Amino acid sequence: MSRTLVDSVYIPPETSSFDTMIIWRTISVLFVFGSWEIAGRIPISIAFPTFFETMTALFEMIMDGRLAHAYFETLKPLLVGVGISAGFGVLIGTSMGLYRSVQWLGEPIFIVMQAAPMAALIPLVTFVYGIGLAAKVCAVVILAAPIIVLNSYKAVTNANVSLIQMCASFQGSRVQQIIRVIIPDASPMIFAGLRLGVAAGFIGVILAELLITPTGIGDLITYHRSVAEYADMYAAIFSIILFAAVTIGLLEKAEIAYFRPERKKKKGS
Amino acid sequence: MTTVIASPTQEEHSRVNDTAQEIVEVSGITKVYPGGTVALRGVDLAFPKGKMTTLLGPSGCGKTTLLKIIAGLLDATEGVVRVNGKEVSGPGPERAFVFQDFALLPWATVLTNVGFGLEMQGVDKATREAKSRSYITKVGLAGFEDNYPHELSGGMRQRVGLARALAVSADVLLMDEPFSAVDEQTRRLFQEELLRLLAMENKTVIFVTHSIEEAVYVSDQIVLLSPRPGRINRVVIPGIERDGKTPDEIRREPGFLDTVEDIWDTLKKYLDEERMV
């Protein structure tokens, strides 16, 4: 009998191997950088440097410490803002999914926050919180939190009913249902919200540094634009995009490692 | 020999299964869903210990609703469920549920899935793993302990669900169309395996299926439900003699075929009535 079973093991259709994936991703990156280099050489604008000029400027900024200093400034409101948004956002969103009263209380607020052009509120934030760290943290939170809250809320609301019933059928308590079934089942969507929220947090911090007071990466961008050092300006922009992409990639890795180990196997298959 | 009891009372059940003690009794079960849909009305039934009882009926007759009420996963609007003579109002350790869609945790290995019920009951990790491994072997999945559900076929996933239910040592197994998601060959193999496992484990099984042939083949008694609102139409005791016969021989026996035909006639009547409406 077990022989028959072993024979009937489901073999998933062959997926691209790891090597093939690396090759295609490298081609994708080379295509973008190559296009950038060509566009810079034409040039499409005098304000558009080549890829190599930008990378040279980036290297110089790293070596003379300007980039490290700028990130030290930018990371303060970003980390505090994203930390507040992620911690409270997941908690509030999960509670909205679990308890009807919290849902009724929170849903209208966060739907309006998500729909509203929050960047337009930054002058108001400056009016209330001034031009210091608090205002920048607030800018990050108002952009990141609604996405994280609403994704967590929807994730918990759509948790697999059959799994919850299964847990209940084995006398799992409500707390066990939440910790062992609902949160892990909702984790892909919660983490998707976190990734989008962190990306929005990056937008928030750069907007704050451009619109409130020029500090950190925002200052580098503003300053180098004003003195027409476009390679340096693009280097600063490139660095923040790279930093955001790496952070979001690390979040995905954390999700797979701690919540969905089966996806690691799926990816490796 | 097939025995048919029309609209049986619990006393009549006891006469038919006079050697078996009743482990689950449902009395006056009515279920009205929000919105007013009456799924079940006044259902009285008794399930003999150590036997397999199948709930059979047209779609929407409340088979799964009744099973979930017995499991304590749904509340009845009226009526009571007694297990071992004690009234129950929620899930309990004496009952274990096997789900139609397997309900396996996709992020957990076979070993963790099988031990999930034990974990919920507070069993320590070492005992849990030892017991889970034993049941994984019993259902024929030895060697797959560290695999994830997405790496298994439908039949294998349902075996994990069955092992999880057996591992908690519940007296009563509640199975909601457990073979509906597997192909015909696997379904027949599974039926044989289930009968073998149940003979070993001495469990009482309440089984929901849409397949008349499956119901007649595996059951000690078949409860035929009427269309919604579900009521007991009659109870059929197939009385299949298995001694020394192969599954194919059993399925070719006149008694088996007549019982299948008889149940089909009843269900067909329901379908015709529904079509007329």
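Just so you know, all these numbers are worked out from the coordinates, no wet-lab data involved. As the structure is a prediction and not an experimental result, all values here were calculated from the model. In this analysis, Cβ positions are derived from the backbone assuming ideal geometry, glycine residues included, and neighbour counts consider all displayed protein chains.
Could you please find all residues in the range A:92-115 being surrounded by fewer than 17 Cβ atoms within 10 Å (Cβ to Cβ), out of contact with any Ser or Thr (no Cβ under 8 Å at 6 or more places or on another chain) and either of a type in the set (A, V, I, L, M, F, W, C) or at positive phi (or both)? Matches in the range A:92-115: A:Trp104, A:Leu105, A:Ile109, A:Ile111, A:Val112, A:Ala115. For A:Gly218, the criteria (1) away from every other protein chain (no Cβ under 14 Å); (2) free of Cβ contacts under 8 Å to residues at least 24 places away in the same chain; (3) out of contact with any His (no Cβ under 6 Å at 6 or more places or on another chain) hold in every case but one, which is (2).
The set of residues from the range B:142-168 being crowded, with 21+ Cβ neighbours inside 10 Å, of a type outside the set (Phe, Trp, Tyr) and facing another protein chain (nearest Cβ under 7 Å) comprises B:Leu152, B:Gly155, B:Met156, B:Val168.
Conditions tested, residue by residue: (1) touching a helix residue (DSSP H, G or I) at 6+ places or on another chain (Cβ under 9 Å); (2) more than 14 Å from every other protein chain (Cβ to nearest Cβ).
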{"position": "A:Tyr129", "(1), (2)": "yes, yes"}
{"position": "A:Gly132", "(1), (2)": "no, yes"}
{"position": "A:Val141", "(1), (2)": "yes, yes"}
{"position": "A:Ala144", "(1), (2)": "yes, yes"}
{"position": "A:Tyr153", "(1), (2)": "yes, yes"}
{"position": "A:Leu163", "(1), (2)": "yes, no"}
{"position": "A:Ala168", "(1), (2)": "yes, no"}
{"position": "A:Gln176", "(1), (2)": "yes, no"}
{"position": "A:Ile179", "(1), (2)": "no, no"}
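As an exercise: evaluate A:Thr213 against (1) away from chain B (no Cβ under 14 Å); (2) buried (at least 19 other Cβ atoms within 10 Å of the Cβ) and give the number of the one condition it does not meet. Just one mismatch for A:Thr213, condition (2).
Only one entry of A:Ala208, A:Ala236, A:Ala257, A:Ala200 meets the criterion of being surrounded by fewer than 21 Cβ atoms within 10 Å (Cβ to Cβ), among the small types (Gly, Ala, Ser) and in a helix (DSSP H, G or I), and that entry is A:Ala257. Inclusion of B:Glu129 among residues that are touching a Gly at 6+ places or on another chain (Cβ under 8 Å), more than 9 Å from chain A (Cβ to nearest Cβ) and more than 28 Å from B:Asp248 (Cβ to Cβ) is warranted. Taking the range B:162-277 and the helices (runs of 4 or more DSSP H) fully enclosed by it, the elements with 3 or more residues that are free of Cβ contacts under 8 Å to residues at least 12 places away in the same chain are at B:184-201, B:247-252, B:254-276.
Residues that are closer than 23 Å to B:Ser153 by Cα and not in a loop (DSSP other than H, G, I, E, B) do not occur anywhere in the range B:72-80. So is B:Val260 closer than 30 Å to B:Ala76 by Cα, surrounded by 13 or more Cβ atoms within 10 Å (Cβ to Cβ) and of a type in the set (Val, Ile, Thr) or not? Spelling it out, it is not the case that B:Val260 is closer than 30 Å to B:Ala76 by Cα, surrounded by 13 or more Cβ atoms within 10 Å (Cβ to Cβ) and of a type in the set (Val, Ile, Thr).
What about A:Ala155, is it part of a helix (DSSP H, G or I) and surrounded by fewer than 19 Cβ atoms within 10 Å (Cβ to Cβ)? Spelling it out, it is not the case that A:Ala155 is part of a helix (DSSP H, G or I) and surrounded by fewer than 19 Cβ atoms within 10 Å (Cβ to Cβ).
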